[in-house]
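Here's the structure we're looking at; comments come further down.
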Amino acid sequence: MRPRRISRTLLVVFLLCLCRGAAAQTPQTPAAPQPAPRPSPDPRLPSLFVVGDSTARNSANGALGWGDPFAAHFDPTKINVVNRARAGRSSRTFMTEGLWDDALEAMKAGDFVLIQFGHNDGGPVDTGRARGSLPGTGEETREMPRPDGRKEVVYTYGHYLRQFIEDARAKGVTPVVLSLTVRNIWKDGRVERGSGRFREWAAEVARSQNVEFIDLTNVIADRYEALGQEKVKALFAGDHTHTSPAGAELNAALVAEALKALKGNPLGKYFAGGAGVKKSGAGRRE
C-alpha cells in the first residue's frame with residue numbers, strides 16, 4: 001500500500017508543478033491605461049470653463065472632444081481650464097440635469113465660460129431621449145410630461161443660451177458663445193457648414209446680449225476645405241460628428257486662435273508662451 005500512496009503523492013506534486021509552470025508562461029493581460037488625473041483648479045487663479053456636448057468632451061470609441069487638448073494652449077500657472085462639457089447633452093438637458101448649476105457653483109467673479117451647444121438640440125423634444133429644445137430664439141414654450149410624472153416646460157434654444165449668459169454675468173463671469181463644430185458631411189467638394197440653423201441662432205443670441213461670439217462653424221469649415229475631403233477623414237473617429245484626437249487638437253487650436261482675435265484679446269495674458277492678437281476674423285460680436 002505504501003508505494004501506491006507515494007506514487008499518488010508524487011503525481012499530485014508533479015501536477016501542481018506543471019500548473020505553476022504553465023501559469024508562469026501564460027502572458028498576463030495588461031491593465032487598461034488609466035487617464036491621468038485632472039489637477040484640481042487653483043482657487044487663487046481665474047478659470048476658463050467649457051460647457052457643451054460630446055464635440056467638446058468625449059472619450060468613447062477612440063473619439064476626443066476639443067475641450068481636453070484645449071487646455072494645453074494656456075499657462076496653468078495663470079489660469080485654470082475646466083472642461084465641464086458632457087456627452088449627449090443639449091442646451092436644455094445641460095440645464096435640466098443640473099450640470100449647469102454644478103458648473104455655475106464652481107465659478108467666481110473674474111472667470112470666463114465658453115458656451116457651445118447645438119448638435120443635440122435638434123433631437124426629439126418628447127420622444128426617445130427627449131433632449132431637443134424648441135427651434136429658434138424666441139420665448140415659445142411647450143409643456144411635456146416626464147417619465148416620473150412631473151411636467152417640464154421646454155424652451156427654445158435661444159432661451160437656454162440667454163439663461164447661460166444671464167447666470168454667468170450674475171456671478172461676474174464673462175460668457176463667450178461659440179457656434180457648433182462641423183460634421184464630416186460633404187457635397188460637391190464643400191463641407192456642411194453647421195447642422196440646421198444653430199450657428200445662425202447662436203450668433204443672433206450673442207448679438208442681442210452683446211457678448212462675444214466665435215463663429216467656429218465657418219472657421220472649422222474653412223480649414224476642412226483647405227485640407228480637402230480625404231485628409232479630413234483622419235480627423236474623425238468612425239462617424240461624421242465626433243473627432244479623433246487629431247481632429248480634437250485641430251479644433252482646440254482653432255478655438256484658441258479665435259479667442260486671441262476677440263476684441264481686446266481678454267484672455268491674451270493667459271495663453272501659454274504669451275499671445276498677441278491674431279486678426280483672423282474668427283472671433284467678433286455679431
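The values are calculated or read from the model by the stated rules, or taken from the named source; none is laboratory data. Values in this document were obtained by computation on a predicted structure and should not be read as measured data. Using ideal geometry, Cβ is built from the backbone for each residue, glycine included, and neighbour counts are taken over all protein chains shown.
Quick one: count up the residues across the stretch 217-254 that are within 14 Å of Val191 (Cα to Cα) and in contact with a Pro (Cβ under 9 Å, 6 or more places away or on another chain). Full working, then the answer.
Keep residues of the stretch 217-254 that are within 14 Å of Val191 (Cα to Cα), which gives 217-233, 235-236, 240-241.
Applying the additional criterion that residues be in contact with a Pro (Cβ under 9 Å, 6 or more places away or on another chain) yields none.
Within the stretch 217-254, residues that are within 14 Å of Val191 (Cα to Cα) and in contact with a Pro (Cβ under 9 Å, 6 or more places away or on another chain) number 0.
Going by the conditions given, is Phe112 within 23 Å of Leu262 (Cβ to Cβ) and in contact with a helix residue (DSSP H, G or I) (Cβ under 7 Å, 6 or more places away or on another chain)? Full working, then the answer.
Values: within 23 Å of Leu262 (Cβ to Cβ): yes; in contact with a helix residue (DSSP H, G or I) (Cβ under 7 Å, 6 or more places away or on another chain): no.
For Phe112, the condition - within 23 Å of Leu262 (Cβ to Cβ) and in contact with a helix residue (DSSP H, G or I) (Cβ under 7 Å, 6 or more places away or on another chain) - is not met.
Which of (1) in a helix (DSSP H, G or I); (2) buried (at least 20 other Cβ atoms within 10 Å of the Cβ) does Glu204 not meet, given it meets every other one?
(2)
Six or more apart or on different chains, Cβ under 7 Å: which pairs go from a residue in the stretch 103-117 that's over 22 Å from Ala203 (Cα atoms) to one that's assigned to a helix (DSSP H, G or I) and of a type outside the set (A, V, I, L, M, F, W, C)? Could you list them?
Taking only residues 6 or more apart or on different chains, the pairs are Leu104/Asp167.
Can you pull out the residues in the stretch 211-256 that are among the β-branched types (Val, Ile, Thr) and over 21 Å from Phe74 (Cβ atoms)? Step through it out loud before you land on a result.
Looking only at the stretch 211-256, we keep the residues that are among the β-branched types (Val, Ile, Thr), and these are 211, 214, 217, 219-220, 232, 241, 243, 255.
Thr217, Val232, Thr241, listed by residue number.
Could you tell me how many of the residues in the stretch 206-261 are of a type outside the set (D, E, K, R), out of contact with any helix residue (DSSP H, G or I) (no Cβ under 8 Å at 6 or more places or on another chain) and within 22 Å of Ala87 (Cβ to Cβ)?
4
Any idea how many residues of the stretch 137-178 are of a type outside the set (Asp, Glu), part of a helix (DSSP H, G or I) and surrounded by 12 or more Cβ atoms within 10 Å (Cβ to Cβ)?
Here the count works out to 11.
Do we have Gly196 as assigned to a loop (DSSP other than H, G, I, E, B), under 24 Å from Arg162 (Cα atoms) and modelled with pLDDT under 95 here?
Working: assigned to a loop (DSSP other than H, G, I, E, B): yes; under 24 Å from Arg162 (Cα atoms): yes; modelled with pLDDT under 95: yes.
Answer is yes for this residue.
Counting only residues that are outside any helix (DSSP H, G or I) and surrounded by fewer than 23 Cβ atoms within 10 Å (Cβ to Cβ), how many does the stretch 216-265 have? Explain how you work it out, then say what you get.
Filtering the stretch 216-265 for residues outside any helix (DSSP H, G or I) gives 228, 236-244, 261-265.
Those left that are additionally surrounded by fewer than 23 Cβ atoms within 10 Å (Cβ to Cβ): 228, 236-241, 244, 261-265.
Number of matching residues: 13.
So, in the stretch 184-201, of the ones that are loosely packed, with under 15 Cβ neighbours inside 10 Å and of a type in the set (Lys, Arg), which residue ends up nearest to Gly247 (Cα to Cα)?
Result: Arg190.
Let me spell it out: the conditions are (1) buried (at least 19 other Cβ atoms within 10 Å of the Cβ); (2) on the phi > 0 side of the Ramachandran plot; (3) not hydrophobic (A, V, I, L, M, F, W, C), and Thr181 meets all of them except one. Which number is the exception?
The one condition Thr181 does not meet is (2).
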